[in-house]
Amino acid sequence: WKFDSKQILGIYGPFRIPLEEFLFFLIVPMAAIMTIEGVRTVKKHWPVGDEKI
């Protein structure tokens, strides 16, 4: 598995994983959570599964 050095910043974390890879796995799930919570705020009747019965 390799990352093209021309397409990354050159900042590496543990196990020589580029910063962009870490940020991707933080930002994408956070965006998904914020999207579902935003939809739940607008559409109060939309069940997700964590509502109290």
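Within segment 19-53, if we keep just the residues that are β-branched (Val, Ile, Thr) and either outside any helix (DSSP H, G or I) or touching a residue at least 40 places away in the same chain (Cβ under 8 Å) (or both), the residue that is nearest to Gln7 (Cα to Cα) turns out to be Val48.
Report whether or not Gly38 is surrounded by 10 or more Cβ atoms within 10 Å (Cβ to Cβ), in contact with a helix residue (DSSP H, G or I) (Cβ under 9 Å, 6 or more places away or on another chain) and at pLDDT 90 or above. Spelling it out, it is not the case that Gly38 is surrounded by 10 or more Cβ atoms within 10 Å (Cβ to Cβ), in contact with a helix residue (DSSP H, G or I) (Cβ under 9 Å, 6 or more places away or on another chain) and at pLDDT 90 or above.
The values are calculated or read from the model by the stated rules, or taken from the named source; none is laboratory data. Since the structure is predicted, the reported quantities are computational estimates derived from the model, not experimental observations. All Cβ positions, glycine included, derive from the backbone under ideal geometry; neighbour counts span all protein chains shown.
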